[in-house]
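Comments concern the structure below.
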Amino acid sequence: MNEGAVHSTRWGISREQALRLMEEFLESESMRKHSLASEAIMQALAGRLGADSEMWGLVGLLHDLDYNETKDKMDQHAVLTEQILIERGVDREIANAIKYHNAENLGLVRQAPIHFGLTAAETITGMITATALVYPDKKVCSVVPKSVKKRMKQKEFARSVNRDHIMLCEQIGMSLDDFIATSLEAMCGISDRLGL
Ligand SMILES: [Fe+2]
């Protein structure tokens, strides 16, 4: 993340405000870590694609804001987030992009790179975390890409992680190998915060 992005409010919210907002809504440490990991991967993807890394980062950081309220009503997931973000004056493009990680339940069809990127990024956080936890040192920075790929092929491993969603990386022109390596590097970069 560059320094300018920290204080920028180009999107109606600074990164610091977004972090506080996320923590206000998500008390669970695991959801906070998931949000931060999603942010880090989204920034890395934006860097690779020449997209707006501030915007992509905010979308990753805020994508599960309403999780506590909607975990049992998935047809509301990300819709409630949109309302919250509009109330807080956040650019509508942020909330709009966020809705697409729940496209299946909302009757939406992913089209833009950020729709595919967010869905793949927020999903691979689970696969990487689960893979790190079976490493002897449980450190994300120790994980090699081929371990993640191997675990993805094992249906019973982290079975709730949607493999099809991870494969959406191909829709933004990245091979699975490249996407895994990029995501690992991004999560390793914030390993202290992730406690991994
Ligand atoms: Fe998520």
Show me, for region 54-67, the HN-Hα J-couplings you get by feeding each phi into the Karplus relation (A = 6.51, B = -1.76, C = 1.60, θ = phi - 60°), rounded to Hz, glycine and proline as x. 5, 5, 4, x, 4, 4, x, 5, 9, 5, 10, 3, 8, 3
Cα gyration tensor of region 1-72 - equivalent ellipsoid semi-axes, whole Å, descending: 21, 14, 10
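Skip the ligands, DNA and RNA, and give the accessible area per residue of region 1-96 with a 1.4 Å probe, whole Å².
Accessible area per residue: 47 Å².
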Sequence-distant residues sharing a close amide H with A78 (under 5 Å, placed H): D66
With θ taken as phi - 60° and the coefficients 6.51, -1.76 and 1.60, list the Karplus ³J(HN,Hα) couplings across region 170-184 in order, rounded to whole Hz; mark glycine and proline as x. 5, 6, 10, x, 10, 6, 4, 4, 5, 5, 4, 4, 5, 5, 4
Give the list, by residue number, of cysteines in the chain with no other Cys Cβ closer than 4.7 Å, or say none. C169
Scan around G12 for amide H atoms under 5 Å from its own, H built in the peptide plane at 1.01 Å from N, and keep only partners 5 or more places away or cross-chain. D91
I'd like the carbon and sulfur percentage of the solvent accessible area for the chain, probe radius 1.4 Å, heavy atoms only, ligands and nucleic acids excluded. 48
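The values are calculated or read from the model by the stated rules, or taken from the named source; none is laboratory data. Nothing here was measured: the structure is a model prediction, and the numbers come from that model. Every residue, glycine among them, receives a Cβ derived from its backbone with ideal geometry; neighbour counts consider all protein chains shown. Side chains are part of the model used for accessible areas, which takes the heavy atoms of the whole protein and leaves out ligands, DNA and RNA. Shrake-Rupley method; radii C 1.70, N 1.55, O 1.52, S 1.80 Å.
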